[in-house]
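Asks: One structure follows; several queries about it will come next.
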Amino acid sequence: MTNKYYSVKPVLDNKLPQVFIETYGCQMNVSDSEVVLSVLQKCGYALCDKIENADLILLNTCSIRDNAEQRIWGRLENFKILKKKKRTLIVGILGCMAERLKEELLSHQVVDLVAGPDTYRDLPNLIAALTSGDKQINTLLSQEETYADISPVRMDKNGVSAFISIMRGCNNMCSYCVVPYVRGAERSRDPKSIMREARELFENGYKEISLLGQNVDSYHWSNPDNPTHKVSFAELLEMIALIDPKLRVRFSTSHPKDMANSVLYTMAMYQNICNHIHLPVQSGSDAILERMNRKYTRAEYLARVAKIREILPTSTISTDMIAGFCGETEEDHLDSLSIMRDVGYYTAFMFQYSERPNTKAARHYPDDVPAETKARRLNEIIALQNELSLKSNQADIGKEFEVLVEGFSKRSKSDLLGRTSQNKVCIFPAGDHKIGDYVTVKVLSCSSATLKGVEVV
Ligand code: 5AD
Ligand code: SF4
C-alpha cells in the first residue's frame, strides 16, 4: 500500500491498471464511489473515462425501485462483448443491489466480484483473491463503518460543489423502503473527520458542500472518550458554516418527524447555509402515511412547513412523492395533490410505488393499485408539480439572488449556469465571470425549470 496516489482529484495515468466506475442511484452512491476510488488509487489503480480502456469496471448500484435494478441487469448484458474482447477484464458490482442480491448477482456470467456498501476497504483483497480463479463476494454489513478516515477522491466535473457523507444507514423502517436492509443500521460519522474533509475541499477551491445522510436530523455523535461531549446535526451544521462565509453548505435529507427547530435557527443565523430544505412528504393522506410508517400526520407535516416559513421566509422546500402505494384510494391521491398545493414545493422527485421484496409493505400489504392507475396518478402529480415549479419561479421575477457558478449553460457558451441559495438553477450572460464565482443576478424571466437573469452591477 502506498499513499503516492493520494489526491482530492482523480489521478489519471494510463500506465497504471485502469478502473472505470459507473454510479447509479442517489447522491449517497456518488459519495460512496468517491470513497471507492480513493481505496483503489491507494492500491495502484487510476481512473479512466473510457469504459473500453478499463481493466476493472465497477457498477455502484441502486435497489430503491425495481426499474433501477432492471437497468443493471441490462447493463451486464452489454459487458459480455467487452469481456470477450479483453479476457482479463474484471467486473464488480457494488452498492445496494450487491447487498440485496448477493450470490444471485455473483452467478451472472460476467460478474467477478460483489461487494456491499460497508465492505469497500476490502476491495483490494477481493480483487487480489480473484487470481485464484474464484469469484469473490463480501456483503457484510457493519455497525461502525463510516469510512471516516478515507479522503474521497472527487469525481465531479466542476470542482465547485462536493458531497460529504455524515452518516450511513437508516433506522426508520418506512414500510416501502429497502434502504435499511441494504445499507444497514444508522451510524454517525466523527465530526472531526467531517470538518477535516470540508476544510480540505475549501482549500482545494470548492465553494459548496452538501452534507448527506438518509435522515440528517438524527445525526448524533458522542465522543467515545468523553460521552458528555455530544454533537447534534444543528451543531455540526454550524461548525461547517463557520469554516468560511464563502463556503456554502447544503444538506439532505430531512425527515419531517425529526427536523428540529434548532436546525432552522442555525440556518437563519448563517447566510452561507443554503435556504433550501428537502422534506419528503411521500403522501398527503393520513391513512397512507400511517401504512408507510412515516410517523407523522398531514397536520404535523404542515406544522413543520409553517415553522420553516416562519423562521426562514425565503427558503424553498422540495419533496419526494410516491404514487399508488398499497391501498391508495382516489381520495388519498387527491390528498397528495392538495398537500403539494398547500406547501407549494418548488421541485419534487416523483415515483410510482414499486414493491421491494421483504420490506414490511411487501410482507403485509397487497400491491393493489393497478399499473395504469399508478401511472395516471403519477402523471397528475408531475403535471401539478410543473405548475407549482413555474409559479414558484415566476414569484422570483424582479428579485436578486446570489448565484454560485457551476458551469456553462447547455444552450450557449456565453451564458453561465449556477444555483441560488434556494437551489434554483439560474442562467445569465457570463461577462467576465468564471466557474466558482459568486454573482448577484436579477431575475428577468423563467421557465418551470430555470431562472434567467442578468448580473446586478
Ligand atoms: N417505491 C417507490 N419509491 C420509493 N422510494 C423509496 N422506496 C420506494 C419504493 N419502494 C422513494 C421515496 C424516497 C426516495 C428516495 O425514493 O420517495 O424518499
Ligand atoms: Fe427509506 Fe424511510 Fe430511511 Fe428514507 S427515511 S431511507 S425512505 S427507510
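Asks: State all residues of the range 302-335 that are farther than 13 Å from ILE277 by Cα, in contact with a Leu (Cβ under 9 Å, 6 or more places away or on another chain) and open to solvent by less than 10 Å² (accessible area, probe 1.4 Å); if no residue qualifies, say none.
Replies: MET321, ALA323, GLY324
Asks: Quick test for you: out of TYR365, TYR353, TYR346, pick the one residue that is closer than 28 Å to SER210 by Cα, within 14 Å of ligand 1 (Cβ to nearest atom) and not assigned by TED's automatic domain parsing to the domain that holds ARG419.
Replies: Exactly one of TYR365, TYR353, TYR346 is closer than 28 Å to SER210 by Cα, within 14 Å of ligand 1 (Cβ to nearest atom) and not assigned by TED's automatic domain parsing to the domain that holds ARG419, namely TYR353.
Asks: Considering only the range 165-188, how many residues are open to solvent by less than 10 Å² (accessible area, probe 1.4 Å), within 8 Å of ligand 2 (Cβ to nearest atom) and over 16 Å from the mean Cα position of the chain (by Cα)?
Replies: Final tally of qualifying residues: 0.
Asks: State all residues of the range 394-449 that are among the small types (Gly, Ala, Ser) and more than 19 Å from THR316 (Cβ to Cβ); if no residue qualifies, say none. I'd like the intermediate steps shown before the answer.
Replies: Filtering the range 394-449 for residues among the small types (Gly, Ala, Ser) gives 395, 398, 407, 409, 412, 414, 418, 421, 430-431, 436, 445, 447-449.
Across the range 394-449, the qualifying residues are GLY407, SER409, SER412, SER414, ALA430, GLY431, GLY436.
Asks: How many residues, within the range 247-269, are surrounded by fewer than 16 Cβ atoms within 10 Å (Cβ to Cβ) and closer than 27 Å to ASN204 by Cβ?
Replies: 1
Asks: Does the range 319-330 hold any residues that are closer than 13 Å to GLN282 by Cβ and hydroxyl-bearing (Ser, Thr, Tyr), and which are they?
Replies: THR319
Asks: For the range 287-304, enumerate the residues that are free of Cβ contacts under 8 Å to residues at least 40 places away in the same chain and part of a helix (DSSP H, G or I).
Replies: Once the filter is applied, which keeps residues that are free of Cβ contacts under 8 Å to residues at least 40 places away in the same chain and part of a helix (DSSP H, G or I), the range 287-304 yields LEU289, GLU290, ALA299, ALA303.
Asks: Kindly indicate the residue of the range 388-399 that is out of contact with any Phe, Trp or Tyr (no Cβ under 8 Å at 6 or more places or on another chain) and touching a residue at least 12 places away in the same chain (Cβ under 8 Å) and also surrounded by the fewest Cβ atoms within 10 Å (Cβ to Cβ) among those meeting that condition.
Replies: GLY398
Asks: Quick one: is THR373 assigned to a strand (DSSP E or B) and within 16 Å of ligand 1 (Cβ to nearest atom)?
Replies: No.
Asks: Separate question: Looking at SER336, is it at pLDDT 95 or above, within 25 Å of VAL179 (Cβ to Cβ) and assigned to a helix (DSSP H, G or I)?
Replies: Spelling it out, SER336 is indeed at pLDDT 95 or above, within 25 Å of VAL179 (Cβ to Cβ) and assigned to a helix (DSSP H, G or I).
The values are calculated or read from the model by the stated rules, or taken from the named source; none is laboratory data. For clarity, every value in this text was computed on a predicted model and none was experimentally measured. Backbone-built Cβ (ideal geometry, glycine too); neighbour counts: all protein chains shown. Side chains included, ligands, DNA and RNA excluded: accessible areas come from the protein's heavy atoms. Shrake-Rupley method; radii C 1.70, N 1.55, O 1.52, S 1.80 Å.
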